Amino acid sequence: MNTLSSTTNMAATINANNAQSASSASPSFAARDFLKMLAAAVASGVGVSVVVAGLALVLSNNAEAEVLQKNAAMNATSTQSPQATVGGLYIGGGCDREPVDAVERDWLVKINGNTAEVRVMQTFLMPADGPTAAFFETILPPHAKLIALKAHTPQKILSGKVMVVDDFAGMSRQALNKFSRHDALVMWNDEGTLSTDQIMNLVPNDTVVVEYTYAINVQHQDGIHEFDLALNTMENETLAAIKPNLTSGTVWVEWVGAKPKHLRDMPIDVTLEESAQGIAGLSWFTPSLAPAATIKFAWEMGAPFAKTRTANR
């Protein structure tokens with residue numbers, strides 16, 4: 001199987017950031033948007049001291065922060081956790097944001113015991129006459145742990161780094177310039193919703209590849225292991241009706257440790273790779289991914305084979 005180069009492990013950084021986030025108030029969305037402008041200002045050479053001073057004014061608006069926090073608390077108690085998606089690349093912001101066309105989406109799943117490591121790789125085609133900056137956003141499955149994120153542009157490879165407001169706002173101009181020179185990409189992780197800063201200086205009609213990796217536990221009970229893989233995008237059904245999603249998709253699954261003897265559930269038209277120890281892996285391809293596509297795998301390590309196949313596309 002051909003895959004992109006291995007990504008850098010970011011678990012230690014994420015754990016430290018999560019610990020710091022838990023001990024401080026959550027930043028408002030206005031503050032986070034301001035930080036995105038700050039990164040763009042740094043890239044264009046605007047004085048950081050002026051921008052940081054403005055950021056301090058945004059963060060000092062306690063009344064606005066309290067209202068936002070109350071609204072967030074109400075939403076958290078009245079709604080369920082957001083559905084996991086593979087995400088997308090977007091230009092613009094707010095209600096006016098537009099998705100960049102995805103050319104293909106690929107998943108590499110490595111299963112070792114009760115843990116699955118999932119790498120999602122997506123190729124996007126920038127518009128011919130649109131903006132040359134875009135940001136990536138996705139929602140991880142519940143309880144998933146982010147390992148790494150990278151954005152491959154024609155000029156360079158940007159490595160994602162999760163940051164919190166205080167850390168980013170407190171960086172000096174020298175530190176910010178060093179951060180930029182090391183091709184780092186600022187990321188925010190709000191309870192599983194990943195959002196990057198603007199990816200700048202993109203080339204019209206050229207491709208951008210975004211890959212991210214997360215680890216998640218495999219459900220198992222009575223000797224049966226189950227794993228659901230979300231293939232759905234963040235585009236809603238209305239948008240899909242106007243602009244059909246014809247993105248192709250490929251899924252590879254490898255069992256790194258003990259090999260299952262039998263599969264109970266698997267996608268239609270799957271190709272199995274078998275070894276003397278059992279099933280080593282499988283692959284599945286579709287030329288057209290529906291916006292709400294999911295795949296379910298279930299296997300047993302040694303029980304009798306049940307000839308059941310399921311697929312949702």
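Observations
- Inside region 268-309, residues that are farther than 14 Å from His225 by Cα, modelled with pLDDT under 80 and surrounded by 14 or more Cβ atoms within 10 Å (Cβ to Cβ) make up a count of 4.
Matching residues to (1) more than 22 Å from Gly94 (Cβ to Cβ); (2) surrounded by fewer than 21 Cβ atoms within 10 Å (Cβ to Cβ); (3) among the aromatic types (Phe, Trp, Tyr):
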residue: Glu137; (1), (2), (3): no, yes, no
residue: Leu140; (1), (2), (3): yes, no, no
residue: Glu191; (1), (2), (3): no, yes, no
residue: Val209; (1), (2), (3): yes, yes, no
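- For region 212-230, the criterion of being β-branched (Val, Ile, Thr), in contact with a Leu (Cβ under 7 Å, 6 or more places away or on another chain) and at pLDDT 90 or above is met by none of the residues.
- Hits in region 66-120 (condition: among the acidic types (Asp, Glu) and modelled with pLDDT under 50): Glu66
The values are calculated or read from the model by the stated rules, or taken from the named source; none is laboratory data. Bear in mind the structure is a predicted one, so any value in this text is a computation, not a measurement. Ideal geometry is used to build each Cβ from the backbone, glycine not excepted, and the neighbour counts take in all protein chains shown.
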